[in-house]
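One structure is given below, encoded as structure tokens.
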Amino acid sequence: MAGGESTLEEALRFEVDSSFDPRFIARLVHFGAESERYYLRCTLDRYADDGSWEIPVSRDVALELLSDLAAISLAPVPEYAMGLDGTTYRLAIGRGWNEIVLRWWGRVPSQWQPIVPVLRRLVGLAGPRAADVQVE
């Protein structure tokens, strides 16, 4: 690749998988730790013509999102939740080979509420095609 850039890396992935609504995936990706180029790669599985889209994200905005997440202290054990119909959420944040994955059903567990504003900002970056994606 030009400019000595390395392979594409995924900084975070947020998935919303609902029983009744389209599945939404947002991936914040970049080309190496010092990259100036970040992109939000989104998928909305509703109809064949919706598909995927990509939005450039400034390095400052991307690093602010990641920094805000890094500053949050979360309890590793969430409250109990279970159900049949509803929405399952998954947030994966990685650096190199290290990764943390949070997965929950329904509302964000009370211990993890500090991530909600950051996830709402991330969904907002996805633009109008993700307008129906909710984070509670």
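Read-outs throughout are calculated quantities, based only on the coordinates presented, and are distinct from any laboratory measurement. Note that the structure is predicted; figures quoted are calculated from it, not measured. So basically every Cβ, Gly included, is an ideal-geometry build from the backbone, and we count neighbours across all protein chains shown.
With a Förster radius of 35 Å applied to the beta-carbon distance between ASP45 and GLN111, the computed FRET efficiency rounds to 0.75. A P(r) calculated from all alpha carbon pairs of segment 2-129, with 10 Å bins opening at zero, reads 11, 41, 34, 12, 1 percent. Using only Cα atoms, locate the centre of segment 91-136 and the centre of segment 56-82, then give the distance between them in Å, rounded to an integer. Comparing the Cα centres of segment 91-136 and segment 56-82, I get a distance of 7 Å.
Once the Cα-Cα distance is subtracted from the 0.36 nm per residue extended length, the LEU8 to ARG103 segment shows a gain of 31.8 nm. Would you please state which residues of segment 104-122 a label at VAL77 would reach in this model, taking the label point 7 Å out along Cα→Cβ and a backbone N cut-off of under 20 Å? Those under the cut-off are 104-105, 108-114.
Exposed loop sites were defined as chymotrypsin sites (Phe, Trp or Tyr not before Pro) in DSSP loop states (anything but H, G, I, E or B) carrying at most 10 other C-beta atoms within 10 Å; in the chain the longest segment without such a site runs 98-136. Adding -39500 (n - 2.57) for every DSSP H run of four residues or longer, then dividing by how many residues the chain holds, sets the calculated 222 nm ellipticity at -5000 deg cm²/dmol. FRET efficiency for SER19 and SER67, Cβ-Cβ distance as r, R0 = 35 Å, nearest 0.05? Rounded to the nearest 0.05, the efficiency is 0.55.
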